[in-house]
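All remarks here apply to the structure that follows.
Please treat every number below as a calculation from the coordinates, not as lab data. Keep in mind the model is a prediction, meaning the values are calculated, not measured. Every residue, glycine among them, receives a Cβ derived from its backbone with ideal geometry; neighbour counts consider all protein chains shown.
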Amino acid sequence: MHLNHLLALLLTPLCAFGAFKAGAAKRTVTPGLKSAPAYIAGFGNGRAATGVHDDLWARCVALEAGNQVVLCGVDSIGLFFDDVVKIRQLVKTRYPAAQVVVAVTHSHETPDTMGLWGSQSGVSGINEEYNALVVRNTADAAIDALHSLQPARIRAAQADPPSLKQFYDDSRPPFVIDSAITAIALETPKGARIATLIHWTNHPESLGSKNTLITSDYVHFLRDEVERSGGATCVFLNGAIGGMMSPLGAAVKDFETGQPAPKDTFRFAESVGRPAARIALAALRSAKPINADALLYRETEVAIPVANKNYLMASAAGIFKGRKPMGGDPPVTRTPVGLFTISANGKPAVQAAMIPGELFPELSLGQISRDPNADFPDAPLEPGIKPDILTAPIRIVVGLANDEIGYIIPKAQWDRQPPYTFGAAKQWYGEVNSVGPEAAPIIIQAIGALAREPRR
Ligand SMILES: [Zn+2]
């Protein structure tokens, strides 16, 4: 065999087998507020941070079984693929074979890393120094996690009790809620915890649009609860949070008194985060170790036509500061779609679809509703990622992974033209923050193709 061919083979991520190892590390990504104002992302313009309630974090778990894969959860509204590529390049300088997934928690109380929430409309809110800090510290956390790899075992559990439904106010029909919470424990062979990965699906925006303190929102309390219980480093990943998986407007009860939790307060955020964590931890208690012996992360890049004129204008006006190029005729945005699989005894045990934005849960669960007033009422229904594409006992859909392209809406529910779906008098919220109607079919098709590829 020619040496180049051998090298190419060695560099191709095959489903290599090997002893299972895990490591974890975290770095703060809290903004300094003295030298420049930090505009808080997620609601309106001109929301300058006045202080810090809790540190923001880049937290990573590194996993190895033949291949090395690092999963990072970063407290940020969104990181464009351009910044994720920079993180990957930094990690590659130390660990050339490691594959890195960067998913943001999407907290709406963190600095604007995308440019949409600057001092005023039309002015980019990106502070390049801050984005560079997030890139550097996330890469350092990933490198530290790889550095700390040690022999490990893995346990995983999923729970979806009715009590989790209280944390949602779904403002757009069909009322589909993906409330399942997943806990993955990484432990030494003797059972000492190395890290706990928690995956849940909800907008971290409990503090509302008026808060000016930097915080990771309910995620802070959720991780704190896990870490206080002996969970070691807790890494949080969010899910299919589009259309609209949010605690805003939900009748959340105070986690201690059972009385209604006051809106737009840290007590409200705490009353979301702690009970959710306890449900995950309770499920984890009875989970048995999985004989994990292989890892596979595959990623493909797709080109999605950009139908959203505001996105094109923002890109042209430099709001993204050179990120998210939308070239071509018609213009497209390129974005990564990934599939991560942990296998045991030749079968997938845990699978995570990596989605580059805010997927409507109808697409995660396969519960799309047709309405004759939709713009494409006869569009084929995309298969549900969890019921129809993934096959492992533990299936998760990670949102805002490696990119943030906005809402990803089932094509059959896409609705910009009146009359509106589900009897609405005015246009639904969602399409205005979406690339376009082709995002869902293209991304779901890509996940399906990755899942069908042979695993070796
Ligand atoms: Zn969102």
Contour minus Cα-Cα distance for Phe376 and Tyr429 (0.36 nm per residue) = 17.4 nm
remark   = Rounded to the nearest 0.05, FRET efficiency between Arg228 and Ser121 (Cβ-Cβ, R0 51 Å) equals 0.75
query = Between Glu129 and Arg285, how many nm apart are label points set 7 Å from Cα along the C-beta direction?
reply = 4.8 nm
request  = Assign one of three labels to the chain, namely rounded, prolate or oblate, based on the Cα gyration tensor with a ≥ b ≥ c the square roots of its eigenvalues; rounded applies when a/c is under 1.5, prolate when it is not and a/b is larger than b/c, and oblate otherwise.
outcome  = rounded
query = Given H placed on each backbone N at 1.01 Å, which residues far from Cys234 in sequence or on other chains put an amide H within less than 5 Å of it?
reply = Thr196
ask   = With labels modelled as points extended 7 Å from the Cα through the Cβ direction, what inter-label distance (nm, one decimal) is found for Ser163 paired with Phe43?
value = 3.0 nm
request  = Would you order Ser343, Ser35 from fewest to most other beta-carbon atoms within 10 Å of each residue's own beta-carbon?
outcome  = Ser35, Ser343
inquiry  = Using +1 at the C-beta of Lys and Arg and -1 at the C-beta of Asp and Glu, which of Pro377, Ala353, Ala412 has the Cα lying farthest in the positive direction of the dipole of the range 294-452?
reply    = Ala353
ask   = Stretch Ser209-Gln150 to full length: gain in nm at 0.36 nm per residue minus the Cα-Cα span?
value = 17.0 nm
remark   = Computed on Cα atoms only, the convex hull of the range 267-340 has an orientation-averaged projected area in nm² of 9.4 nm²
query = Taking a label point 7 Å from the Cα of Thr391 along the Cα→Cβ vector, which residues of the range 329-373 have an amide N closer than 12 Å to it?
reply = 346-349
ask   = By count of other Cβ within 10 Å, fewest leading, how are Phe175, Phe255, Phe221 ordered?
value = Phe175, Phe255, Phe221
query = Considering the zone a paramagnetic label at Ser369 would reach in this model (a point 7 Å from Cα along the Cα-to-Cβ line), which residues of the range 216-248 have amide N under 13 Å from it?
reply = 244
key: Over 22 Å (Cα to Cα) - which of Lys21/Lys288; Lys321/Lys426; Lys86/Lys411; Lys34/Lys324; Lys210/Lys263 fall in this group   = Lys321/Lys426; Lys86/Lys411; Lys34/Lys324
inquiry  = Quick check: net charge around Pro418, other residues with Cβ under 14 Å of its Cβ, Lys/Arg +1 and Asp/Glu -1?
reply    = -2
request  = Could I have the simple spin-label model distance between Leu33 and Arg136, label points 7 Å from Cα toward Cβ, reported in nm to one decimal?
outcome  = 2.2 nm
ask   = So, counting K/R as plus one and D/E as minus one, what does the shell of residues with Cβ under 12 Å around Ser229 add up to?
value = +3
Given charges at beta-carbon only (K, R positive; D, E negative), |dipole| of the chain in Debye = 1100 debye
Cβ crowding within 10 Å averaged over residues, with 110-118, 303-311 ranked highest first = 110-118, 303-311
query = Among Glu227, Glu128, Glu382, which comes first, second and so on when ranked by fewest other beta-carbon atoms within 10 Å?
reply = Glu128, Glu227, Glu382
message = Applying a 10 Å radius around every beta-carbon, put 187-195, 402-410, 56-64 in order of their mean neighbour count, most first.
response = 56-64, 402-410, 187-195
request  = Determine the calculated [θ] at 222 nm for the chain from helices alone, applying -39500 (n - 2.57) to every DSSP H run no shorter than 4 residues and normalising by the residue count; nearest 500 deg cm²/dmol.
outcome  = -7000 deg cm²/dmol
